[in-house]
């Protein structure tokens, strides 16, 4: 019991750094969730291009980023690019790396969902006189977003959990600060247990928000 | 003449679907195009608004050949209402929003104007009370009536129907037939593709018989459905009659 008391005293003393790390985690999470979704939509749009070469390049992009570990990409940019004279901040590397990776996954979810759209609706939109971009924006995208919602929300959860790897490129987010705390008080079990519980709490909040969003954007009436 | 088609052909790779089709459609006329499955009926309809690009020929709509380069295809399509076999309603939108979407995004109407116009057209189709329902909540006949309201809302010069009753049971088919008859009374110009003799007999001013991409005959309902000289046409109707 005394052990836990002194542990929480350590946490309390280190609280400003932990809070700062948590803020950095949430900042990165919020940015890559938005940029990853926008990037995924752009990649998805390119994947529907009538131009065969554009489609192939897009497929190559998706395969490359899904097939490459994110940490390799982050190290390549953070440790590799300076050798070519390009220096990026840890946050910039994290945002760019995550965005390219998450965009590929989101595009894949959207492409799978696209197969669930009735082709006659797209033909009807063209027959009404909508442009290609309007058909995408008004018919294709709203439906694919709805159909891909479970995959997209799972990706949001992964964004939060995976953000913990960016401590490896010197971005001082929550996990990095908890590691620092563990290195100070040597209470590894307690520190990482607390770290896991905080991530679980954050993920639970994201799950609740995601399920609420799914219910809102996917009314029972248009599920079939 | 609202629409004149001359020597229209369409080939996909080495397969020719339409072979020199001629067609005239006058203002206020309802012409039915019949023929066996795969004869090119639906392809013909899609060539007329360039959902499918014809290989050669002329499509003269309101005096202008719309196959010429420089034609504003989107403007052309906005003048042609299209009703599909499978209804093709946007399933993420309510019946009302299915009708208002093009009014707002293509005609630039305000929400209020588009709403009023859509409710008028839905009312005309006896669908006003279902305006807030989604396609999945409607019967087949109701969906088709919303699809017709969506097409009519754009005040098209002509309405195209592609097998409007083939996805419906007989009761719902009769609903759609009565709607088309009402439009006929309102002097709406229509071109309807079907292989349903009941529908053709109920609504057609004139019937065109298409077979293997060629117009085999054209005439009144009595001329085409009677003891026609062409054995292919006689066989078709004998088969359709026994199938029904």
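The values are calculated or read from the model by the stated rules, or taken from the named source; none is laboratory data. What you see is a predicted model, and the numbers here were worked out from it, not measured in a lab. Heads up, the Cβs are rebuilt from the backbone with ideal geometry, glycines too, and the neighbour counts pull from every protein chain shown.
All conditions in (1) touching a helix residue (DSSP H, G or I) at 6+ places or on another chain (Cβ under 6 Å); (2) within 12 Å of another protein chain (Cβ to nearest Cβ) hold for residue A:94, with the sole exception of (2). Within the range A:42-60, can one find any residue that is within 14 Å of another protein chain (Cβ to nearest Cβ), surrounded by 14 or more Cβ atoms within 10 Å (Cβ to Cβ), within 24 Å of the chain's Cα centre (by Cα) and closer than 30 Å to residue B:148 by Cα? So far as the range A:42-60 goes, no, none of its residues is within 14 Å of another protein chain (Cβ to nearest Cβ), surrounded by 14 or more Cβ atoms within 10 Å (Cβ to Cβ), within 24 Å of the chain's Cα centre (by Cα) and closer than 30 Å to residue B:148 by Cα.
Of all positions in the range B:206-219, none carries a residue that is in contact (Cβ under 8 Å) with a residue 40 or more places away in the chain, buried (at least 18 other Cβ atoms within 10 Å of the Cβ), in a helix (DSSP H, G or I) and away from chain A (no Cβ under 14 Å). Take residue B:150 and tell me if it is surrounded by fewer than 21 Cβ atoms within 10 Å (Cβ to Cβ), within 14 Å of another protein chain (Cβ to nearest Cβ) and under 17 Å from residue A:135 (Cβ atoms). So residue B:150 does not fit the description; no. Note on the range B:1-117: enclosed helices (runs of 4 or more DSSP H) holding 1 or more residues that are within 14 Å of chain A (Cβ to nearest Cβ) and under 16 Å from the mean Cα position of the chain (by Cα) are B:41-48, B:73-78. For the range B:163-183, the condition of being assigned to a helix (DSSP H, G or I), within 13 Å of chain A (Cβ to nearest Cβ) and out of contact with any strand residue (DSSP E or B) (no Cβ under 9 Å at 6 or more places or on another chain) holds for none of the residues. Taking the criterion of being touching a helix residue (DSSP H, G or I) at 6+ places or on another chain (Cβ under 9 Å), without any contact (Cβ under 8 Å) to a residue 12 or more places away in the chain and assigned to a helix (DSSP H, G or I), the residues of the range A:39-62 that qualify are A:54, A:55, A:57. Exactly one residue out of A:81, A:27, A:37, A:76 is within 30 Å of residue B:108 (Cβ to Cβ) and modelled with pLDDT of 95 or more, and it is A:37. Residue B:121 satisfies every condition listed in (1) closer than 20 Å to residue A:134 by Cα; (2) crowded, with 21+ Cβ neighbours inside 10 Å except (1). Please state which one of A:116, A:151 is within 11 Å of chain B (Cβ to nearest Cβ), surrounded by fewer than 21 Cβ atoms within 10 Å (Cβ to Cβ) and over 23 Å from residue B:77 (Cβ atoms). One residue alone meets the criteria, A:116.
On inspection, residue A:210 does not qualify as within 14 Å of another protein chain (Cβ to nearest Cβ), at pLDDT below 90, in a helix (DSSP H, G or I) and within 30 Å of residue B:132 (Cβ to Cβ). Scanning the range B:133-145 finds one or more residues that are within 12 Å of another protein chain (Cβ to nearest Cβ), within 26 Å of residue B:37 (Cα to Cα) and part of a helix (DSSP H, G or I).
Listed by first and then second residue, the pairs with beta-carbon distance under 7 Å, at least 6 apart or on different chains, first residue in the range A:79-104 and closer than 16 Å to residue A:158 by Cα, second part of a loop (DSSP other than H, G, I, E, B), are A:94/A:171.
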